[in-house]
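Heads up, the thing below is written out as structure tokens.
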Amino acid sequence: MKIIVTEKISESGIEYLKKHAEVDVKTNISREELLGIIKNYDAIIVRSATKVDRELIEKGEKLKVIGRAGNGVDNIDVSSATEKGILVVNTPTGNIVAAAELTVGLMLAIARNIPQAYHAGLNGDFRRDKFKGVELNGKTVGIIGFGRIGSLVAARLAAFNMRVIAYDPYMPDSRFEKYGVEKVTLDELLQQSDFITIHLPKTEETKKMIGEKEFKKMKKGVRIVNAARGGIIDEKALYNAIKEGIVAAAGLDVLEVEPKYNVERQDFHNPLLELPNVVFTLHLGASTYEAQENIGISIAQEVISALNGNLYGNIVNLPGVKSDEFSQLKPYMRLAEAMGALYYQINETPVRLVEVIYRGEISRTNTEIVTLYALKGFLKPVLEEDVSVVNAKLRAKEMGIEIVEGKIEEIDHYSSLIILKITDTHGKTTQFAGTTYGEEIRIVEYMDHKVNFEPTENMLFVKNKDVPGVIGHIGNVLGDFGINISTMQVSPNKNDGTALMIVSTDKEIPDEAVESLNKLNSIIKARAVKGLI
Ligand SMILES: NC(=O)c1ccc[n+]([C@@H]2O[C@H](COP(=O)([O-])OP(=O)(O)OC[C@H]3O[C@@H](n4cnc5c(N)ncnc54)[C@H](O)[C@@H]3O)[C@@H](O)[C@H]2O)c1
Ligand SMILES: O=C(O)CC[C@@H](O)C(=O)O
């Protein structure tokens, strides 16, 4: 496995990676150079400066994992990665304390003009009257985005005796109660806050969320901090609001367009940085020894684990599963994939609906990932490109297939049962069901037949007239092709005089063998199926 690391992560992280893979650390690589060599790598690890966009992802022919050493994934085109079946992993909590502490630092800096006073002193200007500040004590701080960092900031600012209010429509009331924070609307926050701090992800909804209209609603003299992402505040509107005296000061760790970090001299301009009451901190939010140590080792572990096929941990584009849950669910994943892989090997009709129903004990667990395996198995025989659990749902939707997950807690015969019900565009339903015994997987229902067989690599499904001698005929044909039968199961249907024969073989069954079987009078339909495990 080959991994490229394009931004600085801790030495311990690099050492960990080197124990498991070939690693190229290229922290000064240009975009053009990266586009040229990305095809050689199985994984890329970046921080916030490398743009992992559609172009780069498309050139990454071997890419399986994109690792973001940090939290926000706005520099990664997660949709493109998902389309290509590439896992995106990050380290969402490794730097949250660092970011929260920097936020408090910025708030104090702009309340007390600390950087400005320092610079004045350095330049021999000791007129301290110029730098009279304000206290946090007793003031109202409005937190926009009450997630991980927003809540850490709330806890810290409460210790300054501030009144803390927050806006986050996606968080339940209980979270606000837990932190003793007042839940308010955005308008209330804008109107009441002496300080505002932003802790949102950058999304379509949050881009330029704080603009001219919002500044007009703010208290005159408000101080604003953004250590989340540049561009959540409309920078032009902020500039005007500062000029008009609505905003007394701004503490920015991030900008909409950022300079190249770690380059001493460069042509970089932003009108905000020319204002004396704006403090900018070079996107330092995550830059503490502690955070970088946490993140470096965590991202290395996440990437190696993901490359090894462990689909748990901080995977941005898959449902969250813990490692113990993942181990427990593994047999169900294999079972679901095998059942899914049956359909298009025995049917040709396009599908309109896939239902995955979990019955019994399994219904009480997090089954989303199991459904993705069922879809992966289902699509594999018909899609040319590699379909993975990451893109299976997307691919199915693109094919116009509706996916429904159902749960029935009540146990019926098996302690846990997965039912896969596939409805084609003519309304015909094909159903399989399966269960597990520890690590072993068993299909127990195959299209109206109660069966009990282990899916294997090479199988033959035969619908035949229930007459004597059919087993011998099948054995003879397979024998002529040098194929050994490993197991065979017969399930007769007394109502219509047919039987289903399920055969496992030691070798792949060639098309010619299937053709010969289908020519036999006693055989209604024979189908070879492969790759169920
Ligand atoms: N400056 C840095 O170096 C640095 C370091 C770490 C994180 N960050 C950034 O900080 C931000 C917050 O990180 P986090 O870990 O707290 O994220 P989080 O996901 O825990 O919290 C974000 C919160 O924003 C809320 N939210 C989303 N859309 C919203 C909207 N339209 N209106 C109101 N609330 C909304 C969500 O409900 C969530 O609670 C991210 O942008 C992250 O990239 C910056
Ligand atoms: O890599 C960095 O230093 C910034 C990281 C930070 O913005 C994040 O979102 O985790």
Next on the checklist: Given a Förster distance of 22 Å, report the FRET efficiency between E508 and N476 from their Cβ-Cβ distance, rounded to the nearest 0.05.
Outcome noted: 0.75
Checklist entry - With Cβ to Cβ distances under 15 Å as the rule, what net charge do the other residues near F326 carry (K, R +1; D, E -1)? => result -3
Item to check | Label-point gap, in nm, between T185 and K220 - each point 7 angstrom along Cα→Cβ | outcome: 2.5
Item to check | Crossing angle, helix 470-480 versus the chain [Cα axis fit, 0-90 degrees, rounded to tens] | outcome: 70
Checklist outcome for this item: Ranked on Cβ counts within 10 Å of their own Cβ, fewest leading, R334, R156 go R156, R334
Checklist entry - Roughly how tilted is helix 323-346, in degrees to the nearest 10 and between 0 and 90, from the longest Cα axis of the chain? => result 50
Item to check | Per DSSP, loop chymotrypsin sites (Phe, Trp or Tyr not before Pro) in the stretch 425-533 with at most 16 further Cβ within 10 Å | outcome: F481
Checklist entry - What's the FRET efficiency of E385 with I114 using the Cβ-Cβ distance as r and R₀ = 60 Å, to the nearest 0.05? => result 0.60
Checklist entry - Share of antiparallel DSSP beta bridges in the chain, in percent to the nearest 5? => result 50
Item to check | ³J(HN,Hα), Karplus 6.51/-1.76/1.60, whole Hz, each residue of the stretch 20-30, x for Gly, Pro | outcome: 10, 7, 7, 10, 10, 9, 10, 7, 10, 5, 7
Checklist entry - How large is the convex hull of the Cα atoms of the stretch 270-364 per residue, expressed in Å³ as a whole number? => result 247
Next on the checklist: Kirkwood hydrodynamic radius, the chain, all distinct C-alpha pairs: what's the number in Å?
Outcome noted: 27.1
Next on the checklist: Apply the Karplus curve 6.51 cos²θ - 1.76 cosθ + 1.60, θ = phi - 60°, to the phi angles in the stretch 167-178 and return the couplings in whole Hz, x for Gly and Pro.
Outcome noted: 10, 6, x, 8, 9, x, 4, 4, 5, 5, 4, 4
Checklist entry - Relative to the present Cα-Cα distance, how much length would full extension add between S522 and T27 at 0.36 nm per residue of separation? => result 171.4 nm
Checklist entry - How far apart, in nm, are the 7 Å Cα→Cβ label points at I411 and D173? => result 3.9
Next on the checklist: Please compute the contact order of the chain in relative form: average sequence separation of alpha-carbon pairs under 8 Å and at least six residues apart, divided by the residue count, as a percent.
Outcome noted: 11
Checklist outcome for this item: Residues meeting the amide H criterion for V25 (H placed from the backbone, H to H distance under 5 Å, 5 or more places apart or on another chain) are V5
Checklist entry - According to a simple spin-label model (label point 7 Å from Cα along Cα-to-Cβ), what is the distance in nm between R127 and K428? => result 8.9
Item to check | Helix 289-307 axis, angle to the chain major axis (alpha carbon atoms, nearest 10°) | outcome: 20
Next on the checklist: Under the 0.36 nm per residue contour assumption, what length would be gained going from the current alpha-carbon distance of E368 and E325 to full extension?
Outcome noted: 14.3 nm
Item to check | Under 5 Å, built H, 5+ apart or other chain: amide partners of I533 | outcome: E457
Checklist outcome for this item: Counting only DSSP loop positions in the stretch 239-348, the chymotrypsin sites (Phe, Trp or Tyr not before Pro) whose Cβ has at most 15 other Cβ atoms within 10 Å are Y261, F268
Item to check | Across K26/K260; K236/K260; K183/K217; K376/K507; K219/K260; K130/K219, pairs whose alpha-carbon gap is larger than 26 Å | outcome: K219/K260
Checklist entry - Which whole-Hz ³J(HN,Hα) couplings does the stretch 364-369 yield from phi under the Karplus relation 6.51 cos²θ - 1.76 cosθ + 1.60, θ = phi - 60°, glycine and proline marked x? => result 8, 9, 7, 9, 3, 5
Checklist entry - How do M399, M209 line up, fewest other C-beta atoms within 10 Å first? => result M399, M209
Checklist entry - Which percent of Cα-Cα pairs in the stretch 1-137 sits in each 5 Å bin, short to long? => result 2, 9, 16, 16, 13, 8, 7, 8, 8, 7, 4, 2, 0
Checklist outcome for this item: Between I196 and residues 5 or more places away or on another chain, the pairs with built amide H atoms under 5 Å apart involve G142, R223, I224, V225
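All of the numbers you see were taken from the coordinates with simple rules; none came from a lab. The structure presented is a predicted model; accordingly, all values stated were derived computationally and were not measured. Every residue, glycine as well, gets a Cβ built from its backbone with ideal geometry; the counts of neighbours run over all protein chains shown.
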